[in-house]
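*Asks:* Got a structure here, written out as structure tokens. Questions coming.
The values are calculated or read from the model by the stated rules, or taken from the named source; none is laboratory data. Everything numeric here is computed off the predicted structure, so don't read it as measured data. Here the Cβ positions follow ideal geometry from the backbone for every residue, glycine too, while neighbour counts run over all protein chains shown.
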Amino acid sequence: MKISKVLLCAASLGLLAGTVQADGQLSDTSGKRIALSNNYAGNSWRQAMLQSWEEIGSAAVADGAVSAADAYTTSENQATEQAAQIQNMILQGYDAIVLNAASPTALNGAVKEACDAGVTVVSFDGIVTEPCAWRIAVDFAAMGKEEVDFLATRLPEGGNLLEIRGLAGVFVDDEISKGIHEGVAEHSQFKIVGSVHGDWAQDVAQKNVAGILPSLPDVVGVVTQGGDGYGTAQAFKAAGRPTPLIVLGNRQDEMAWWAEQRDANGYETLSLSIAPGVASLAFWVAQQVLAGEEVPKDLTVPFLKVTQDTLDETLAATPVGSVANVTYTLEDAQAVIADAK
Amino acid sequence: MNPLSKPWIWSWGAAAIVFFLTLALTSGRGAGELAYAALSFGAFAAIVGLGQMLVITLGPGNVDLSIPASMTLSATLALKVMGSEPGTAFFGLFVALAVGFGTGLANYALIFLLRLPPIIATLAASLIYQSIAIWSNRGLRIKPPPELADFATGRMFGVPNVAWVGIALAVAVWIVLEKSAWGRWLLASGQNLRAARLAGVPVESVRAATYISVATFAGLAGYLLASFSGGAALNMGAEYLLASIAVVVIGGSSIAGGNSNVPGVWGAALFMFLVVSMLNSYGAGAGVRNVLTGIIIIGIVIAASTKRVRL
């Protein structure tokens with residue numbers, strides 16, 4: 001983090017110099033128009049993501065960094081529908097499309113059309129594999145592994161784990177689970193005794209955990225994917241079982257529950273997920289590409305971690321019922337780009 | 001009379017078999033826990049399933065695909081007006097039921113006034129309801145008032161409160177269907193709409209009441225589910241679209257309409273929960289689980305419907 005801070009300062013100074021002196025590298029983007037193509041809006045994470053976009057986009061338009069930052073969401077979460085949406089954006093003459101894709105491969109054709117028409121495409125969260133697009137990805141496998149590493153520090157003697165998975169068939173679910181299993185292979189004192197799909201929703205996780213619990217031996221820890229920790233805790237409570245160490249996923253209700261448990265019995269855990277604000281990072285990356293900055297095609301964004309020490313601070317900053325968030329600035333984007341070079 | 005000729009026997013039998021197969025794994029440990037969980041979560045599927053059963057009974061082409069959106073919208077608005085304040089539970093319930101009533105009325109208006117097929121009308125309307133839910137609260141999860149949360153997760157005589165609500169509703173629906181003129185009208189309309197109309201059944205009123213009932217049930221289910229799981233989420237209804245139709249079919253009601261089966265809906269709701277629990281307990285992966293669930297459902301539907309032919 002320290003190094004990236006230094007780079008960040010260096011990069012922002014460079015940019016200031018660039019804008020004042022116009023050193024020939026970065027061009028003015030005040031006339032450029034950026035669109036967000038989003039495939040789904042039906043959960044709190046996506047809502048927070050859209051809000052981050054709106055905040056950063058309207059500020060950027062007001063400051064004259066770009067001339068438009070419009071957000072479009074498809075209604076049915078279908079790749080075909082989103083492909084049509086991208087084609088419309090090309091016709092509307094957007095200079096860049098920031099994309100959270102319904103499928104990593106099914107949109108490649110439309111993305112290629114956009115590239116051929118001279119439109120910059122930056123995908124994030126739900127990334128696309130088309131080589132002409134930029135990708136801002138999270139190392140989900142590392143996130144899964146970190147959960148088990150954390151459990152190993154808190155529960156050195158090991159024990160039985162319950163794994164809550166996400167939505168079956170989705171890339172992110174496979175990646176996080178892969179990381180978790182790598183972690184378990186490394187820390188052989190742990191054993192995954194059960195696995196259910198929670199679909200990243202508290203009520204689904206609650207239901208499926210309640211269904212599998214009667215057949216499980218004592219569970220010391222639960223590894224999750226985010227949006228499922230509170231429901232899991234409720235299911236353990238309803239079954240009259242002791243609450244295991246549940247790794248959480250930054251949702252406000254999860255953190256509020258954590259703070260409650262901590263105050264009552266000193267509960268300690270870790271919470272981690274991607275910040276919905278990654279949309280704002282993608283916005284600035286697109287702006288940098290339009291400005292002529294050389295940006296590597298694959299960028300990695302760190303996940304947002306909440307620890308025992310930062311819990312109160314993060315909880316206070318998160319709106320009730322929402323997700324812990326950070327909004328990325330131009331400087332953050334430049335730091336991420338510099339890191340990838 | 002041969003007990004196997006009752007179509008609802010099959011869903012209850014399947015639920016019992018799956019229950020004991022799960023317990024075989026644990027050598028009998030956790031039986032009470034599993035039954036309690038099945039009653040809790042089965043109640044939500046049963047409530048929306050009862051509504052869907054009434055609509056499907058109306059005859060071919062009748063189905064309500066807006067159940068998930070009605071659940072989400074009712075729950076979102078109810079939890080928003082309650083705002084976690086103690087003493088607002090009944091007001092919240094009223095709002096949830098009123099929103100459900102409203103969505104049902106809107107669905108029927110689209111079907112009747114615009115002559116849209118119910119599948120199209122309810123699917124299109126559900127996009128509107130879902131958008132209103134998103135717009136009204138931006139997906140924020142508001143906690144239910146404490147006494148409501150206690151009620152939704154609590155129990156009475158060892159049975160979950162939500163299951164009591166589901167059972168009471170099932171009894172009420174059964175009485176209406178079997179003992180009231182309205183129930184007879186509904187069955188007559190489902191068996192032959194034209195014949196029913198000629199016989200003097202107020203067919204359109206029956207259809208209107210049915211579409212309003214299903215949406216009101218969805219509102220109730222959404223209210224209870226949100227109170228049970230600690231808040232309304234925008235995607236909370238998603239799995240109840242298929243579940244509501246599956247419990248009707250597995251429960252032995254005729255998909256062609258004109259024949260409904262109340263006890264079967266509850267048996268099927270328990271079965272749907274237990275089969276997923278069993279496959280999870282045996283460690284089946286998501287793919288295997290979905291395939292097996294599909295095969296088992298098809299098997300039960302075939303078993304239940306062939307027996308009915310022999311009746």
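*Asks:* In the stretch B:1-54, how many residues are in contact with a Pro (Cβ under 6 Å, 6 or more places away or on another chain), of a type outside the set (Asp, Glu) and under 25 Å from residue B:228 (Cα atoms)?
*Replies:* Of the residues in that region, 4 qualify.
*Asks:* Also, I was wondering about something else. If we scan the stretch A:200-210, do we find a residue that is part of a helix (DSSP H, G or I), at pLDDT 90 or above, in contact with a Leu (Cβ under 6 Å, 6 or more places away or on another chain) and crowded, with 20+ Cβ neighbours inside 10 Å?
*Replies:* no
*Asks:* Taking the options A:147, A:163, A:113, A:130, name whichever one is surrounded by 20 or more Cβ atoms within 10 Å (Cβ to Cβ) and farther than 18 Å from residue A:269 by Cβ.
*Replies:* Details: A:147 fails: farther than 18 Å from residue A:269 by Cβ; A:163 fails: farther than 18 Å from residue A:269 by Cβ; A:113 fails: surrounded by 20 or more Cβ atoms within 10 Å (Cβ to Cβ).
Just a single option satisfies the conditions, and that option is A:130.
Per-residue answers, yes or no, for (1) part of a loop (DSSP other than H, G, I, E, B); (2) acidic (Asp, Glu); (3) closer than 25 Å to residue B:45 by Cβ:
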| residue | (1), (2), (3) |
| --- | --- |
| B:171 | no, no, yes |
| B:184 | no, no, no |
| B:200 | yes, no, no |
| B:204 | no, yes, no |
| B:209 | no, no, yes |
| B:216 | no, no, yes |
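*Asks:* What is the one condition in (1) surrounded by 12 or more Cβ atoms within 10 Å (Cβ to Cβ); (2) under 17 Å from the mean Cα position of the chain (by Cα) that residue B:190 does not satisfy?
*Replies:* So the condition that residue B:190 fails would be (2).
*Asks:* Is at least one residue of the stretch B:230-243 within 12 Å of chain A (Cβ to nearest Cβ), assigned to a helix (DSSP H, G or I) and closer than 22 Å to residue B:14 by Cβ? Step through it out loud before you land on a result.
*Replies:* Just the residues of the stretch B:230-243 that are within 12 Å of chain A (Cβ to nearest Cβ), to begin with: B:230-240, B:243.
Restricting the remaining residues to those that are assigned to a helix (DSSP H, G or I) gives B:240, B:243.
Pick out the ones that are also closer than 22 Å to residue B:14 by Cβ and you get B:240, B:243.
Within the stretch B:230-243, one or more residues are within 12 Å of chain A (Cβ to nearest Cβ), assigned to a helix (DSSP H, G or I) and closer than 22 Å to residue B:14 by Cβ.
*Asks:* So, residue A:81, is that one part of a helix (DSSP H, G or I), in contact (Cβ under 8 Å) with a residue 60 or more places away in the chain and surrounded by fewer than 17 Cβ atoms within 10 Å (Cβ to Cβ) or not?
*Replies:* On the way: part of a helix (DSSP H, G or I): yes; in contact (Cβ under 8 Å) with a residue 60 or more places away in the chain: no; surrounded by fewer than 17 Cβ atoms within 10 Å (Cβ to Cβ): yes.
The answer is no for residue A:81.
*Asks:* Now for a different question. What are the residues in the stretch A:217-232 that are part of a loop (DSSP other than H, G, I, E, B), more than 14 Å from residue A:271 (Cβ to Cβ) and within 14 Å of chain B (Cβ to nearest Cβ), if any? Reasoning before the result, please.
*Replies:* Applying the first criterion (part of a loop (DSSP other than H, G, I, E, B)) to the stretch A:217-232 yields A:217-220, A:224-228.
Okay, now just the ones that are also more than 14 Å from residue A:271 (Cβ to Cβ), so A:217-220.
Of everything in the stretch A:217-232, those that are part of a loop (DSSP other than H, G, I, E, B), more than 14 Å from residue A:271 (Cβ to Cβ) and within 14 Å of chain B (Cβ to nearest Cβ) turn out to be A:217, A:218, A:219.
*Asks:* While we're looking at this one, here's another question. Restricting attention to the stretch B:99-141, which residues are surrounded by fewer than 21 Cβ atoms within 10 Å (Cβ to Cβ), over 22 Å from residue B:216 (Cβ atoms) and touching a Lys or Arg at 6+ places or on another chain (Cβ under 8 Å)?
*Replies:* Residues satisfying the conditions do not exist here.
*Asks:* Of all the residues that make up the stretch A:194-216, how many are facing chain B (nearest Cβ under 7 Å) and farther than 15 Å from residue B:279 by Cα?
*Replies:* Residues that pass the stated criteria total 5.
*Asks:* Pull out all pairs, ordered by first then second residue, where Cβ-Cβ is under 6 Å, the residues are six or more apart or on different chains, the first lies in the stretch B:14-39 and is facing chain A (nearest Cβ under 10 Å), and the second is surrounded by fewer than 19 Cβ atoms within 10 Å (Cβ to Cβ) and β-branched (Val, Ile, Thr).
*Replies:* Every condition considered, no pair remains.
*Asks:* Here is a follow-up. Which of the residues belonging to the stretch A:275-309 are under 14 Å from residue A:248 (Cβ atoms), surrounded by 14 or more Cβ atoms within 10 Å (Cβ to Cβ) and of a type in the set (Val, Ile, Thr)? Write out each step before concluding.
*Replies:* Restricting attention to the stretch A:275-309, the residues satisfying the condition of being under 14 Å from residue A:248 (Cβ atoms) are A:303-308.
With surrounded by 14 or more Cβ atoms within 10 Å (Cβ to Cβ) added as a condition, the list becomes A:303-306, A:308.
Correct list: A:306 only.
*Asks:* Against the condition modelled with pLDDT of 90 or more and away from every other protein chain (no Cβ under 11 Å), how does residue B:43 come out, does it pass?
*Replies:* Details: modelled with pLDDT of 90 or more: yes; away from every other protein chain (no Cβ under 11 Å): yes.
The answer is yes for residue B:43.
*Asks:* Given the criteria surrounded by fewer than 20 Cβ atoms within 10 Å (Cβ to Cβ) and either assigned to a helix (DSSP H, G or I) or more than 17 Å from the chain's Cα centre (by Cα) (or both), does residue B:96 qualify?
*Replies:* Details: surrounded by fewer than 20 Cβ atoms within 10 Å (Cβ to Cβ): no; either assigned to a helix (DSSP H, G or I) or more than 17 Å from the chain's Cα centre (by Cα) (or both): yes.
The answer is no for residue B:96.
*Asks:* Tell me whether the stretch A:87-98 contains one or more residues that are at pLDDT 90 or above, under 26 Å from residue A:250 (Cα atoms) and within 14 Å of another protein chain (Cβ to nearest Cβ).
*Replies:* No, the conditions are met nowhere in the stretch A:87-98.
*Asks:* Mind counting the residues in the stretch B:244-278 that are within 14 Å of chain A (Cβ to nearest Cβ) and surrounded by fewer than 24 Cβ atoms within 10 Å (Cβ to Cβ)?
*Replies:* Residues of the stretch B:244-278 that are within 14 Å of chain A (Cβ to nearest Cβ), as a first pass: B:269-278.
Filter once more, so that each one left must be surrounded by fewer than 24 Cβ atoms within 10 Å (Cβ to Cβ): B:276.
Looking only at that region, the number is 1.
Yes or no, residue by residue, for (1) assigned to a helix (DSSP H, G or I); (2) among the polar types (S, T, N, Q); (3) out of contact with any Lys or Arg (no Cβ under 8 Å at 6 or more places or on another chain):
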| site | (1), (2), (3) |
| --- | --- |
| B:19 | yes, no, yes |
| B:25 | yes, no, yes |
| B:29 | no, no, yes |
| B:34 | yes, no, yes |
| B:41 | yes, no, no |
| B:47 | yes, no, yes |
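*Asks:* Of the conditions (1) polar (S, T, N, Q); (2) at the interface with another protein chain (Cβ under 10 Å from one of its Cβ atoms); (3) not in a helix (DSSP H, G or I), residue B:62 clears all except one; give me its number.
*Replies:* (2)
*Asks:* Another question about this same structure. Looking only at the stretch A:34-61, filter to residues that are more than 8 Å from chain B (Cβ to nearest Cβ), polar (S, T, N, Q) and assigned to a helix (DSSP H, G or I); which one of those is nearest to residue A:290 (Cα to Cα)?
*Replies:* A:58
*Asks:* Looking at residue B:54, is it closer than 28 Å to residue B:192 by Cβ, away from chain A (no Cβ under 14 Å) and modelled with pLDDT of 90 or more? Before the answer, list the steps.
*Replies:* Working: closer than 28 Å to residue B:192 by Cβ: yes; away from chain A (no Cβ under 14 Å): yes; modelled with pLDDT of 90 or more: yes.
In short, yes.
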